[in-house]
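Undergrad: Questions regarding the structure given below will be posed in turn.
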Amino acid sequence: MDDERRDRPVRGALDDDVGGPDAPRVAAAAALADAAHARSVILVEGISDQIALETLAGLHGRDLAAEGVVIVPIGGAHAVARHLVRFGPQGAGLAIAGLCDAGEAAHVRRSLAAAGLGSPRTRTDMERLGFFVCVEDLEDELIRASARESIEALLEGQGDLTSFRSLQQQPAWRHRSFEAQMHRFLGAGARRKLRYARALVRSLWPELIPRPLEEVLRRA
C-alpha cells in the first residue's frame, strides 16, 4: 500500500476517542440526524462496522457526506426492522444497503420482506437488495484478511502485543487458533474493538479488503 493512500485523511470517520457506555447512543443519534438529509443509508449493526466502512471509504477517496451517504449503526440486528421501515419505501424512500453478521442473516431477510424490499431467501438474494453478510462478523473478516505477521506488527505498534501474548498463554486460549485468539482479544474491550476496526482496514492491501465491505460501499 502506498503511503499516500494509507495516510489520506478519513473524512466523516468517527474520532479515535469514541467509546464509553454512551457511544452507541451518541453515534446512532448523529447518524440519524445526518440521514434526514441523505439520499442513501447503509445500515450496520454497531460502531465498529461504521468505523470500518467510513475508513474504507476514505481510503478510496470518497466523501460520503458530499455524496449524501450515511452509515447508520443501529445497535444490533434486532433493530433492523424498524430502520428498514423508517428509511425504506414505507418511510423516507431512501436507497438502502446493509451489512450484517452471519448469525443475523435470517432475521435481516425476514425484515427486508416485512419492509416491502423484496423476498430474499438466500445470501445471493440479499446481495441483490444491497445487503451483505460477513462470514462470521466484521472482526472475523478483517482478521482472516490480514497476515499473522501483519497483525502482530500492528499490535506491537499499538502497544498491545504484550497483552495479546498474555491472552495466548491463558489455559482457555493456549491451544486455540491465532484467529480465535485475536477475535477474543478484540472483543475484550469496546474501545479496543473500535480502535482496531480502523487500524486493520488501514493496514490491508486493497485487494485483501473483505468482499462484504467493498460491495456494500459500492451499493451506496
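Nothing in this text is a laboratory measurement; each read-out follows from the coordinates by a stated rule. Given the structure is predicted, the values throughout are model-derived calculations rather than measurements. Methodologically, a virtual Cβ is constructed for each residue, glycine included, from the backbone with ideal geometry; neighbour enumeration extends over all protein chains shown.
Undergrad: If you count, for each residue, the other Cβ atoms within 10 Å and average over each peptide, how do 114-127, 53-66 line up from highest to lowest? Could you put the intermediate results ahead of the total?
TA: Values: 114-127: 14.6, 53-66: 18.5.
Ranked from most to least packed, the peptides come out as 53-66, 114-127.
Undergrad: Let me know the whole percent of all Cα-Cα pairs from segment 142-190 that are separated by more than 14 Å. Please list the in-between numbers first.
TA: Details: 565 of 1176 pairs.
Here the tail beyond 14 Å accounts for 48 percent of pairs.
Undergrad: Label H78 and Q158 with points 7 Å out from Cα along Cα→Cβ: what is the distance between them in nm?
TA: Spacing of the two 7 Å Cα→Cβ label points: 2.7 nm.
Undergrad: Now, a different point. Highest first, please rank the peptides 27-39, 161-173 by the mean number of other Cβ atoms sitting within 10 Å of their residues. The partial results should precede the final answer.
TA: On the way: 27-39: 16.0, 161-173: 12.5.
For the peptides 27-39, 161-173, the packing ranking is 27-39, 161-173.
Undergrad: Continuing with this model, one more query. If the viscosity is 1.002 mPa s and the temperature 20 °C, what translational diffusion coefficient in µm²/s does Stokes-Einstein give for the chain when Rh comes from Kirkwood over Cα pairs? Don't jump to the answer; show the numbers that get you there.
TA: On the way: Rh = 17.9 Å.
In µm²/s, the coefficient is 120.
Undergrad: Can you give the relative contact order of the chain as a percent, counting alpha carbon pairs under 8 Å and 6+ residues apart?
TA: So the answer I get is 24 percent.
Undergrad: Another question, then. How would you rank 69-78, 41-50, highest first, on the average number of other Cβ atoms within 10 Å across their residues?
TA: Details: 69-78: 22.2, 41-50: 26.4.
Packing order, densest peptide first, comes out as 41-50, 69-78.
Undergrad: Is there a quick way to get the dipole size of the chain? I mean about its Cα centre, with the Cβ of Lys and Arg at +1 and of Asp and Glu at -1; what is the value in debye to the nearest 20?
TA: Values: 29 positive and 31 negative charges, 127 e Å.
Here the chain has a charge dipole of around 600 debye.
Undergrad: Could I ask something else about it? Give the distance, in whole Å, between the Cα centre of segment 184-207 and the Cα centre of segment 68-113.
TA: Segment 184-207 and segment 68-113 have Cα centres separated by 23 Å.
Undergrad: Using only helices, what value at 222 nm comes out for the chain when you add -39,500 (n - 2.57) per DSSP H run of length 4 or more and divide by the total residues, to the nearest 500 deg cm²/dmol? Intermediate results must be reported in sequence, preceding the final value.
TA: Numbers: 13 runs with 118 residues, N = 220.
Dividing the helical sum by the residues of the chain leaves -15000 deg cm²/dmol.
Undergrad: A further question on this structure: Grab the other residues whose beta carbon is less than 13 angstrom from that of A92, score K and R as +1, D and E as -1, and report the net.
TA: On the way: positive: R39, R82, R86; negative: D34.
Every neighbour counted, the sum reads +2.
Undergrad: To continue, here is another question. What does the charge count near A28 come to, summing +1 for each Lys or Arg and -1 for each Asp or Glu among other residues with Cβ under 15 Å from its Cβ? Working shown, then result.
TA: Values: positive: R25, R82, R86; negative: D22, D34, E45, D49, E54.
Net of charged neighbours comes to -2.
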